[in-house]
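A.B. asks: Let me give you the structure first, and then I'll get to my questions.
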(Lines give C-alpha, C1' and ligand atoms only; values in the text may rest on other atoms or scores of the structure.)
Protein backbone atom coordinates (compact mmCIF):
# COMPACT_ATOMS: atom_id res chain seq x y z
CA UNK A 1 0.00 0.00 0.00
CA UNK A 2 1.40 3.37 -0.99
CA UNK A 3 1.55 6.30 1.38
CA UNK A 4 -1.30 7.87 -0.62
CA UNK A 5 -3.53 4.87 0.05
CA UNK A 6 -2.57 4.59 3.74
CA UNK A 7 -5.50 5.31 6.08
CA UNK A 8 -5.52 8.74 7.66
CA UNK A 9 -4.85 8.59 11.37
CA UNK A 10 -4.58 11.20 14.07
CA UNK A 11 -0.84 10.57 14.25
CA UNK A 12 -0.35 11.03 10.52
CA UNK A 13 -2.64 14.09 10.52
CA UNK A 14 -0.58 15.75 13.23
CA UNK A 15 2.55 15.21 11.17
CA UNK A 16 1.16 16.04 7.73
CA UNK A 17 -0.85 19.11 8.78
CA UNK A 18 2.21 20.74 10.36
CA UNK A 19 0.10 21.17 13.51
CA UNK A 20 3.09 20.72 15.80
CA UNK A 21 4.90 23.62 14.15
CA UNK A 22 1.83 25.85 13.88
CA UNK A 23 0.44 25.38 17.39
CA UNK A 24 0.95 27.90 20.16
CA UNK A 25 2.32 25.12 22.35
CA UNK A 26 6.06 24.63 22.69
CA UNK A 27 7.01 20.96 22.32
CA UNK A 28 10.30 19.35 23.36
CA UNK A 29 11.26 15.72 23.08
CA UNK A 30 13.75 14.31 25.59
CA UNK A 31 15.34 10.87 25.44
CA UNK A 32 15.55 8.45 28.34
CA UNK A 33 18.62 10.29 29.69
CA UNK A 34 16.79 13.60 29.75
CA UNK A 35 18.65 15.18 26.83
CA UNK A 36 16.61 17.31 24.41
CA UNK A 37 16.63 15.57 21.03
CA UNK A 38 13.95 17.52 19.18
CA UNK A 39 11.65 20.55 19.46
CA UNK A 40 9.26 22.61 17.39
CA UNK A 41 9.72 26.17 16.16
CA UNK A 42 7.41 27.47 18.86
CA UNK A 43 9.88 26.24 21.49
CA UNK A 44 12.61 28.38 19.92
CA UNK A 45 10.39 31.46 20.08
CA UNK A 46 9.07 30.79 23.59
CA UNK A 47 12.47 30.15 25.12
CA UNK A 48 14.19 32.86 23.09
CA UNK A 49 16.97 30.68 21.79
CA UNK A 50 17.91 28.59 18.78
CA UNK A 51 17.08 24.96 18.09
CA UNK A 52 20.82 24.23 18.14
CA UNK A 53 21.15 25.62 21.65
CA UNK A 54 18.07 23.76 22.89
CA UNK A 55 19.53 20.51 21.57
CA UNK A 56 23.03 21.27 22.82
CA UNK A 57 24.69 19.25 25.55
CA UNK A 58 26.17 22.48 26.94
CA UNK A 59 24.05 23.43 29.97
CA UNK A 60 25.37 27.03 29.85
CA UNK A 61 23.49 27.67 26.58
CA UNK A 62 20.06 27.10 28.15
CA UNK A 63 19.17 28.20 31.68
CA UNK A 64 16.18 26.53 33.29
CA UNK A 65 16.23 26.80 37.12
CA UNK A 66 12.57 25.73 37.36
CA UNK A 67 10.59 26.95 40.38
CA UNK A 68 7.11 26.44 41.79
CA UNK A 69 4.62 29.32 42.05
CA UNK A 70 5.69 29.88 45.65
CA UNK A 71 9.29 30.36 44.52
CA UNK A 72 10.61 27.04 45.81
CA UNK A 73 12.86 25.05 43.48
CA UNK A 74 11.89 21.76 41.92
CA UNK A 75 13.69 18.69 43.17
CA UNK A 76 14.94 16.37 40.44
CA UNK A 77 12.26 13.81 41.30
CA UNK A 78 9.47 16.42 41.00
CA UNK A 79 10.31 17.50 37.46
CA UNK A 80 7.52 16.45 35.07
CA UNK A 81 9.97 14.89 32.62
CA UNK A 82 11.67 12.81 35.32
CA UNK A 83 8.35 11.65 36.80
CA UNK A 84 7.05 10.56 33.38
CA UNK A 85 10.29 8.74 32.56
CA UNK A 86 10.35 7.01 35.96
CA UNK A 87 6.70 5.94 36.17
CA UNK A 88 5.65 5.62 32.54
CA UNK A 89 2.56 7.71 33.38
CA UNK A 90 1.62 11.07 31.93
CA UNK A 91 1.96 14.13 34.14
CA UNK A 92 -0.47 17.02 33.68
CA UNK A 93 -0.80 20.67 34.71
CA UNK A 94 2.51 21.30 36.49
CA UNK A 95 3.17 25.05 36.75
CA UNK A 96 6.82 25.95 36.32
CA UNK A 97 8.70 29.21 36.38
CA UNK A 98 11.61 28.88 33.95
CA UNK A 99 14.55 31.21 33.51
CA UNK A 100 15.14 31.53 29.78
CA UNK A 101 18.56 32.44 28.29
CA UNK A 102 17.77 36.18 28.18
CA UNK A 103 17.53 36.20 31.98
CA UNK A 104 13.75 36.61 31.96
CA UNK A 105 11.52 34.32 34.01
CA UNK A 106 8.49 32.96 32.20
CA UNK A 107 5.74 30.70 33.48
CA UNK A 108 4.32 27.59 31.84
CA UNK A 109 1.82 24.87 32.48
CA UNK A 110 3.78 21.71 31.64
CA UNK A 111 2.41 18.34 30.53
CA UNK A 112 4.72 15.33 30.16
CA UNK A 113 3.81 12.33 27.99
CA UNK A 114 6.02 9.21 28.12
CA UNK A 115 7.00 7.72 24.73
CA UNK A 116 6.72 3.93 24.82
CA UNK A 117 8.25 1.40 22.46
CA UNK A 118 7.87 -2.32 23.06
CA UNK A 119 6.60 -1.55 26.53
CA UNK A 120 9.71 0.41 27.43
CA UNK A 121 9.86 4.16 28.15
CA UNK A 122 12.20 5.52 25.50
CA UNK A 123 11.64 9.23 26.02
CA UNK A 124 9.21 11.93 27.09
CA UNK A 125 7.32 14.55 25.08
CA UNK A 126 6.94 17.85 26.98
CA UNK A 127 4.25 20.41 26.13
CA UNK A 128 4.73 23.95 27.48
CA UNK A 129 1.63 26.16 27.55
CA UNK A 130 2.26 29.86 28.24
CA UNK A 131 0.99 30.88 31.70
CA UNK A 132 3.04 33.99 32.50
CA UNK A 133 0.13 36.44 32.49
CA UNK A 134 -2.07 34.16 34.58
CA UNK A 135 0.60 33.52 37.22
CA UNK A 136 1.61 37.17 37.45
CA UNK A 137 -2.04 38.16 37.80
CA UNK A 138 -2.34 35.66 40.65
CA UNK A 139 0.76 37.11 42.31
CA UNK A 140 -0.67 40.63 42.09
CA UNK A 141 -3.97 39.52 43.62
CA UNK A 142 -2.08 37.77 46.43
CA UNK A 143 -0.02 40.90 47.08
CA UNK A 144 -3.11 43.09 47.20
CA UNK A 145 -4.96 40.74 49.55
CA UNK A 146 -1.99 40.41 51.86
CA UNK A 147 -1.34 44.14 52.11
CA UNK A 148 -5.05 44.75 52.56
CA UNK A 149 -4.84 42.76 55.81
CA UNK A 150 -2.96 45.72 57.24
CA UNK A 151 -6.35 47.43 57.46
CA UNK A 152 -7.48 45.00 60.16
CA UNK A 153 -5.06 46.34 62.77
CA UNK A 154 -3.45 49.66 63.58
CA UNK A 155 0.25 48.74 63.73
CA UNK A 156 1.85 52.12 63.18
CA UNK A 157 3.81 53.53 60.28
CA UNK A 158 7.02 51.57 60.85
CA UNK A 159 5.08 48.35 61.40
CA UNK A 160 3.08 48.82 58.21
CA UNK A 161 6.20 49.52 56.14
CA UNK A 162 8.08 46.60 57.70
CA UNK A 163 5.17 44.27 56.93
CA UNK A 164 4.98 45.61 53.38
CA UNK A 165 8.66 44.90 52.64
CA UNK A 166 8.66 41.48 54.29
CA UNK A 167 5.48 40.29 52.59
CA UNK A 168 6.47 41.42 49.11
CA UNK A 169 9.67 39.41 49.44
CA UNK A 170 7.97 36.40 51.04
CA UNK A 171 4.87 36.09 48.87
CA UNK A 172 6.02 37.46 45.52
CA UNK A 173 9.62 36.25 45.39
CA UNK A 174 11.05 39.71 44.87
CA UNK A 175 14.76 39.75 45.67
CA UNK A 176 14.79 43.06 47.56
CA UNK A 177 12.24 45.59 48.76
CA UNK A 178 13.03 48.78 50.63
CA UNK A 179 11.38 52.04 51.56
CA UNK A 180 13.38 55.27 51.37
CA UNK A 181 12.33 58.65 52.72
CA UNK A 182 13.67 61.82 51.09
CA UNK A 183 15.21 64.31 53.48
CA UNK A 184 15.33 68.07 52.91
CA UNK A 185 18.64 69.76 52.29
CA UNK A 186 21.14 70.27 49.45
CA UNK A 187 22.65 66.78 49.75
CA UNK A 188 19.27 65.18 48.91
CA UNK A 189 19.74 62.37 51.42
CA UNK A 190 17.45 59.36 51.20
CA UNK A 191 17.06 57.41 54.44
CA UNK A 192 16.23 53.72 54.10
CA UNK A 193 13.68 53.16 56.87
CA UNK A 194 12.63 49.55 56.18
CA UNK A 195 13.91 46.75 53.95
CA UNK A 196 13.70 43.00 53.32
CA UNK A 197 15.47 40.48 51.09
CA UNK A 198 18.99 41.16 49.83
CA UNK A 199 19.36 44.04 52.27
CA UNK A 200 23.17 44.17 52.01
CA UNK A 201 22.62 45.89 48.65
CA UNK A 202 21.32 48.90 50.58
CA UNK A 203 23.85 51.08 52.37
CA UNK A 204 24.13 54.59 53.79
CA UNK A 205 24.17 57.32 51.17
CA UNK A 206 24.09 54.91 48.23
CA UNK A 207 21.30 56.96 46.62
CA UNK A 208 20.08 60.54 46.83
CA UNK A 209 17.44 62.64 45.13
CA UNK A 210 19.67 65.61 44.36
CA UNK A 211 20.19 66.26 40.66
CA UNK A 212 23.65 67.69 41.45
CA UNK A 213 24.97 64.41 42.87
CA UNK A 214 25.87 61.38 40.72
CA UNK A 215 23.95 59.02 43.01
CA UNK A 216 20.84 61.15 42.49
CA UNK A 217 20.62 60.51 38.75
CA UNK A 218 19.47 56.90 38.96
CA UNK A 219 15.92 55.51 39.08
CA UNK A 220 15.41 56.38 42.78
CA UNK A 221 16.39 60.03 42.43
CA UNK A 222 14.35 60.35 39.25
CA UNK A 223 11.24 58.89 40.88
CA UNK A 224 11.54 61.21 43.89
CA UNK A 225 12.03 64.33 41.77
CA UNK A 226 9.32 63.58 39.21
CA UNK A 227 6.89 61.69 41.51
CA UNK A 228 6.47 59.24 38.62
CA UNK A 229 7.03 55.47 38.72
CA UNK A 230 10.34 54.41 37.15
CA UNK A 231 10.53 50.90 35.66
CA UNK A 232 13.91 49.37 34.74
CA UNK A 233 13.43 45.92 33.22
CA UNK A 234 17.12 45.44 32.54
CA UNK A 235 19.25 47.18 35.15
CA UNK A 236 22.46 46.35 33.31
CA UNK A 237 21.26 48.35 30.31
CA UNK A 238 20.18 51.51 32.18
CA UNK A 239 22.56 54.36 31.34
CA UNK A 240 22.38 56.08 34.72
CA UNK A 241 22.99 52.83 36.61
CA UNK A 242 26.74 52.76 35.88
CA UNK A 243 27.84 53.44 39.44
CA UNK A 244 25.58 50.67 40.79
CA UNK A 245 26.27 48.11 38.04
CA UNK A 246 28.89 46.11 39.96
CA UNK A 247 26.60 46.10 42.99
CA UNK A 248 23.64 44.93 40.90
CA UNK A 249 25.66 42.03 39.47
CA UNK A 250 27.01 41.05 42.89
CA UNK A 251 23.52 40.73 44.37
CA UNK A 252 21.94 39.19 41.29
CA UNK A 253 19.42 41.96 40.61
CA UNK A 254 18.16 42.31 37.04
CA UNK A 255 15.10 44.58 37.11
CA UNK A 256 13.44 47.11 39.38
CA UNK A 257 10.48 49.40 39.83
CA UNK A 258 10.69 52.55 41.95
CA UNK A 259 7.30 53.83 43.10
CA UNK A 260 6.96 57.26 44.72
CA UNK A 261 4.40 57.38 47.54
CA UNK A 262 3.62 59.36 50.69
CA UNK A 263 3.41 57.23 53.84
CA UNK A 264 2.38 59.50 56.69
CA UNK A 265 2.68 62.52 54.37
CA UNK A 266 6.41 61.96 53.73
CA UNK A 267 8.06 62.05 50.32
CA UNK A 268 9.24 58.48 49.85
CA UNK A 269 9.77 55.62 47.42
CA UNK A 270 8.93 51.95 47.47
CA UNK A 271 11.82 50.22 45.68
CA UNK A 272 11.23 46.66 44.43
CA UNK A 273 13.87 44.47 42.73
CA UNK A 274 13.67 41.10 40.96
CA UNK A 275 16.35 38.61 39.90
CA UNK A 276 15.04 38.34 36.35
CA UNK A 277 14.70 40.67 33.41
CA UNK A 278 11.27 42.02 32.44
CA UNK A 279 9.77 41.14 35.82
CA UNK A 280 7.71 44.32 35.95
CA UNK A 281 5.07 44.25 33.27
CA UNK A 282 2.15 46.69 33.21
CA UNK A 283 -0.04 44.43 35.35
CA UNK A 284 2.58 43.99 38.08
CA UNK A 285 3.47 47.69 38.16
CA UNK A 286 -0.20 48.64 38.39
CA UNK A 287 -0.66 46.19 41.26
CA UNK A 288 2.32 47.59 43.14
CA UNK A 289 1.06 51.14 42.63
CA UNK A 290 -2.29 50.11 44.12
CA UNK A 291 -0.46 48.51 47.04
CA UNK A 292 1.49 51.71 47.67
CA UNK A 293 -1.77 53.68 47.75
CA UNK A 294 -3.31 51.12 50.11
CA UNK A 295 -0.36 51.38 52.49
CA UNK A 296 -0.71 55.17 52.44
CA UNK A 297 -4.34 54.76 53.42
CA UNK A 298 -3.58 52.23 56.16
CA UNK A 299 -0.89 54.46 57.66
CA UNK A 300 -3.15 57.50 57.48
CA UNK A 301 -5.86 55.51 59.25
CA UNK A 302 -3.39 54.37 61.88
CA UNK A 303 -2.20 57.91 62.52
CA UNK A 304 -5.79 59.13 62.75
CA UNK A 305 -6.73 56.38 65.17
CA UNK A 306 -3.76 57.16 67.37
CA UNK A 307 -4.55 60.86 67.37
CA UNK A 308 -8.19 60.21 68.09
CA UNK A 309 -7.25 58.15 71.12
CA UNK A 310 -5.35 61.08 72.61
CA UNK A 311 -6.92 64.20 71.12
CA UNK A 312 -10.19 63.69 69.26
CA UNK A 313 -11.65 61.68 72.13
CA UNK A 314 -11.91 64.80 74.23
CA UNK A 315 -13.10 66.89 71.28
CA UNK A 316 -15.91 64.48 70.41
CA UNK A 317 -16.91 64.09 74.03
CA UNK A 318 -17.17 67.86 74.27
CA UNK A 319 -19.16 67.96 71.03
CA UNK A 320 -21.60 65.38 72.38
CA UNK A 321 -22.03 67.39 75.54
CA UNK A 322 -22.55 70.62 73.60
CA UNK A 323 -25.35 68.83 71.76
CA UNK A 324 -26.99 67.80 75.00
CA UNK A 325 -26.35 71.16 76.71
CA UNK A 326 -28.59 72.78 74.07
CA UNK A 327 -31.26 70.19 74.94
CA UNK A 328 -31.07 69.64 78.74
CA UNK A 329 -33.91 67.13 78.61
CA UNK A 330 -31.69 64.71 76.69
CA UNK A 331 -28.54 65.05 78.80
CA UNK A 332 -26.81 61.67 78.85
CA UNK A 333 -29.06 60.31 76.08
CA UNK A 334 -26.27 59.67 73.57
CA UNK A 335 -23.99 58.07 76.14
CA UNK A 336 -26.75 55.73 77.29
CA UNK A 337 -27.67 54.84 73.71
CA UNK A 338 -24.01 54.01 73.01
CA UNK A 339 -23.83 51.85 76.11
CA UNK A 340 -26.98 49.84 75.27
CA UNK A 341 -26.01 49.54 71.60
CA UNK A 342 -22.60 48.10 72.48
CA UNK A 343 -24.14 45.48 74.79
CA UNK A 344 -26.62 44.45 72.07
CA UNK A 345 -23.78 44.27 69.52
CA UNK A 346 -21.77 42.07 71.86
CA UNK A 347 -24.74 39.73 72.35
CA UNK A 348 -25.06 39.49 68.58
CA UNK A 349 -21.51 38.09 68.50
CA UNK A 350 -19.87 40.97 66.66
CA UNK A 351 -16.10 41.27 66.99
CA UNK A 352 -14.71 43.43 69.79
CA UNK A 353 -13.45 46.32 67.65
CA UNK A 354 -16.82 46.70 65.92
CA UNK A 355 -18.64 46.58 69.27
CA UNK A 356 -16.49 49.50 70.45
CA UNK A 357 -17.10 51.42 67.23
CA UNK A 358 -20.86 50.94 67.67
CA UNK A 359 -20.57 52.24 71.23
CA UNK A 360 -18.77 55.33 69.93
CA UNK A 361 -21.29 55.75 67.11
CA UNK A 362 -24.21 55.67 69.54
CA UNK A 363 -22.50 58.22 71.76
CA UNK A 364 -22.48 60.85 68.97
CA UNK A 365 -25.43 59.76 66.84
CA UNK A 366 -27.35 63.01 67.50
CA UNK A 367 -24.40 65.36 67.04
CA UNK A 368 -26.15 66.97 64.06
CA UNK A 369 -28.54 68.65 66.49
CA UNK A 370 -25.88 71.30 67.15
CA UNK A 371 -27.08 72.98 63.96
CA UNK A 372 -30.73 73.10 65.06
CA UNK A 373 -32.52 75.86 66.93
CA UNK A 374 -32.78 75.39 70.69
CA UNK A 375 -36.40 76.51 70.50
CA UNK A 376 -37.20 73.54 68.28
CA UNK A 377 -35.18 71.10 70.37
CA UNK A 378 -36.96 71.94 73.63
CA UNK A 379 -40.38 72.94 72.23
CA UNK A 380 -42.99 71.51 74.64
CA UNK A 381 -45.79 71.38 72.09
CA UNK A 382 -46.28 69.41 68.91
CA UNK A 383 -43.86 70.27 66.09
CA UNK A 384 -45.14 71.79 62.88
CA UNK A 385 -44.47 69.95 59.63
CA UNK A 386 -41.69 72.42 58.78
CA UNK A 387 -40.11 72.05 62.24
CA UNK A 388 -40.27 68.27 61.94
CA UNK A 389 -38.48 68.40 58.57
CA UNK A 390 -35.83 70.60 60.19
CA UNK A 391 -35.40 68.06 62.99
CA UNK A 392 -34.98 65.32 60.40
CA UNK A 393 -31.99 67.17 58.93
CA UNK A 394 -29.93 66.41 62.04
CA UNK A 395 -29.09 62.97 60.64
CA UNK A 396 -27.54 64.40 57.49
CA UNK A 397 -25.83 67.24 59.36
CA UNK A 398 -24.36 64.77 61.86
CA UNK A 399 -22.98 62.67 59.02
CA UNK A 400 -21.37 65.72 57.42
CA UNK A 401 -19.75 66.73 60.72
CA UNK A 402 -18.42 63.27 61.59
CA UNK A 403 -17.31 62.26 58.09
CA UNK A 404 -14.97 65.27 57.97
CA UNK A 405 -13.22 63.99 61.11
CA UNK A 406 -11.91 60.85 59.27
CA UNK A 407 -13.40 58.65 61.97
CA UNK A 408 -13.41 54.89 61.45
CA UNK A 409 -16.45 53.15 60.03
CA UNK A 410 -19.32 53.12 61.02
CA UNK A 411 -19.47 56.22 63.25
CA UNK A 412 -20.52 58.75 60.60
CA UNK A 413 -22.76 56.23 58.83
CA UNK A 414 -24.70 55.50 62.02
CA UNK A 415 -25.38 59.22 62.51
CA UNK A 416 -26.82 59.25 58.99
CA UNK A 417 -28.92 56.09 59.23
CA UNK A 418 -30.13 55.74 62.82
CA UNK A 419 -33.62 57.01 61.92
CA UNK A 420 -34.00 54.73 58.89
CA UNK A 421 -36.60 51.94 59.25
CA UNK A 422 -36.78 48.51 57.63
CA UNK A 423 -40.01 49.26 55.71
CA UNK A 424 -38.62 52.47 54.18
CA UNK A 425 -40.60 54.83 56.40
CA UNK A 426 -37.53 56.36 58.00
CA UNK A 427 -35.32 59.29 57.06
CA UNK A 428 -33.29 60.90 55.52
CA UNK A 429 -33.06 58.44 52.60
CA UNK A 430 -36.00 56.04 53.17
CA UNK A 431 -33.65 53.06 53.10
CA UNK A 432 -35.17 49.57 53.13
CA UNK A 433 -34.09 46.35 54.86
CA UNK A 434 -30.43 45.40 54.51
CA UNK A 435 -29.65 48.73 52.83
CA UNK A 436 -29.46 49.96 56.43
CA UNK A 437 -26.16 48.89 57.93
CA UNK A 438 -26.34 46.61 60.97
CA UNK A 439 -24.66 49.11 63.36
CA UNK A 440 -27.36 51.68 62.47
CA UNK A 441 -30.11 49.09 63.04
CA UNK A 442 -28.64 48.41 66.48
CA UNK A 443 -28.39 52.08 67.44
CA UNK A 444 -31.93 52.68 66.13
CA UNK A 445 -33.39 50.19 68.63
CA UNK A 446 -31.21 51.49 71.48
CA UNK A 447 -32.22 55.07 70.60
CA UNK A 448 -35.96 54.36 70.69
CA UNK A 449 -35.82 52.36 73.93
CA UNK A 450 -33.73 54.99 75.73
CA UNK A 451 -35.82 57.91 74.44
CA UNK A 452 -39.17 56.37 75.37
CA UNK A 453 -37.86 55.41 78.81
CA UNK A 454 -37.11 59.03 79.72
CA UNK A 455 -39.04 62.29 79.94
CA UNK A 456 -39.17 64.71 77.01
CA UNK A 457 -40.60 68.24 76.97
CA UNK A 458 -43.35 67.16 74.57
CA UNK A 459 -44.33 63.97 76.49
CA UNK A 460 -43.77 62.18 79.78
CA UNK A 461 -41.76 58.99 80.04
CA UNK A 462 -43.76 55.93 79.01
CA UNK A 463 -41.46 53.61 80.97
CA UNK A 464 -39.04 50.89 80.02
CA UNK A 465 -41.63 48.12 79.75
CA UNK A 466 -43.74 50.01 77.24
CA UNK A 467 -40.63 51.05 75.33
CA UNK A 468 -39.59 47.41 74.96
CA UNK A 469 -43.15 46.47 73.95
CA UNK A 470 -43.04 49.16 71.28
CA UNK A 471 -39.90 47.82 69.56
CA UNK A 472 -41.07 44.21 69.98
CA UNK A 473 -44.43 44.95 68.30
CA UNK A 474 -42.67 46.46 65.28
CA UNK A 475 -40.17 43.69 64.63
CA UNK A 476 -39.66 43.14 60.92
CA UNK A 477 -41.45 46.33 59.88
CA UNK A 478 -39.49 49.03 61.66
CA UNK A 479 -36.79 47.19 63.59
CA UNK A 480 -34.39 44.30 63.03
CA UNK A 481 -35.71 41.10 64.63
CA UNK A 482 -32.31 39.84 65.84
CA UNK A 483 -31.44 43.22 67.31
CA UNK A 484 -34.75 43.47 69.18
CA UNK A 485 -34.40 39.92 70.48
CA UNK A 486 -30.98 40.68 71.94
CA UNK A 487 -32.23 43.99 73.34
CA UNK A 488 -35.00 42.21 75.24
CA UNK A 489 -32.50 39.60 76.40
CA UNK A 490 -30.05 42.11 77.87
CA UNK A 491 -32.79 43.82 79.89
CA UNK A 492 -34.03 40.44 81.10
CA UNK A 493 -30.44 39.85 82.19
CA UNK A 494 -30.49 42.94 84.39
CA UNK A 495 -29.10 45.69 82.13
CA UNK A 496 -29.77 49.20 83.45
CA UNK A 497 -29.06 52.61 81.97
CA UNK A 498 -26.32 54.45 83.83
CA UNK A 499 -27.65 57.64 85.41
CA UNK A 500 -24.55 59.73 84.72
CA UNK A 501 -22.47 60.22 81.59
CA UNK A 502 -18.85 59.05 81.94
CA UNK A 503 -15.99 61.52 81.64
CA UNK A 504 -14.75 60.13 78.33
CA UNK A 505 -16.80 57.79 76.18
CA UNK A 506 -14.58 57.24 73.15
CA UNK A 507 -12.34 54.29 72.39
CA UNK A 508 -11.17 55.30 68.91
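A.B. asks: (1) buried (at least 16 other Cβ atoms within 10 Å of the Cβ); (2) under 19 Å from residue 299 (Cα atoms); (3) free of Cβ contacts under 8 Å to residues at least 40 places away in the same chain: which one isn't true of residue 158, the others all being true?
C.D. replies: For residue 158, the failing item is (1).
A.B. asks: Suppose we filter the range 161-191 for residues that are in a strand (DSSP E or B) and buried (at least 18 other Cβ atoms within 10 Å of the Cβ); how many remain?
C.D. replies: So the first thing to find is which residues in the range 161-191 are in a strand (DSSP E or B), and the list is 176-182, 189-191.
Among the residues that remain, those that are also buried (at least 18 other Cβ atoms within 10 Å of the Cβ) are: 176-182, 189-190.
Going through the range 161-191 one residue at a time, the tally reaches 9.
A.B. asks: Turning to a different aspect of this structure: Return yes when residue 203 is free of Cβ contacts under 8 Å to residues at least 12 places away in the same chain and either assigned to a helix (DSSP H, G or I) or assigned by TED's automatic domain parsing to the domain that holds residue 273 (or both) and no when it is not. Even if it seems obvious, please write down each step before you answer.
C.D. replies: On the way: free of Cβ contacts under 8 Å to residues at least 12 places away in the same chain: yes; either assigned to a helix (DSSP H, G or I) or assigned by TED's automatic domain parsing to the domain that holds residue 273 (or both): yes.
Criteria met by residue 203.
A.B. asks: Working only within the range 59-109, note down all residues that are more than 27 Å from residue 232 (Cβ to Cβ), assigned to a strand (DSSP E or B) and at pLDDT 90 or above.
C.D. replies: Listed by number, the list holds a single entry, 91.
A.B. asks: Taking the condition in contact (Cβ under 8 Å) with a residue 40 or more places away in the chain, surrounded by 19 or more Cβ atoms within 10 Å (Cβ to Cβ) and in contact with a helix residue (DSSP H, G or I) (Cβ under 7 Å, 6 or more places away or on another chain), does residue 291 pass?
C.D. replies: On the way: in contact (Cβ under 8 Å) with a residue 40 or more places away in the chain: yes; surrounded by 19 or more Cβ atoms within 10 Å (Cβ to Cβ): yes; in contact with a helix residue (DSSP H, G or I) (Cβ under 7 Å, 6 or more places away or on another chain): yes.
When the stated conditions are applied, residue 291 passes them.
A.B. asks: Within the range 235-265, can you find the residues that are in contact (Cβ under 8 Å) with a residue 60 or more places away in the chain, outside any helix (DSSP H, G or I) and surrounded by fewer than 22 Cβ atoms within 10 Å (Cβ to Cβ)?
C.D. replies: Step one: filter the range 235-265 for residues in contact (Cβ under 8 Å) with a residue 60 or more places away in the chain, giving 251-254, 263-264.
Still in the running and outside any helix (DSSP H, G or I): 251-254.
If the condition is that a residue be in contact (Cβ under 8 Å) with a residue 60 or more places away in the chain, outside any helix (DSSP H, G or I) and surrounded by fewer than 22 Cβ atoms within 10 Å (Cβ to Cβ), then 251, 252 are the ones that fit.
A.B. asks: Given the range 266-379, what helices (runs of 4 or more DSSP H) lie entirely inside it while holding 3 or more residues that are at pLDDT 85 or above?
C.D. replies: Details: elements: 282-307, 313-325, 333-347, 352-363, 374-377.
Because the criterion is at least 3 residues that are at pLDDT 85 or above, the helices (runs of 4 or more DSSP H) in the range 266-379 that meet it are 282-307, 333-347, 352-363.
A.B. asks: In addition: Can you tell me which residues in the range 27-56 are more than 17 Å from residue 84 (Cβ to Cβ) and touching a residue at least 60 places away in the same chain (Cβ under 8 Å)? So that I can check it myself, show each step before the final result.
C.D. replies: Step one: list which residues in the range 27-56 are more than 17 Å from residue 84 (Cβ to Cβ), which gives 40-56.
Those that are more than 17 Å from residue 84 (Cβ to Cβ) and touching a residue at least 60 places away in the same chain (Cβ under 8 Å): 43, 46.
The values are calculated or read from the model by the stated rules, or taken from the named source; none is laboratory data. Since the model is a prediction, treat every value here as computed from it, not as a measurement. Cβ: placed from backbone, ideal geometry, glycine included. Neighbour counts: every protein chain shown.
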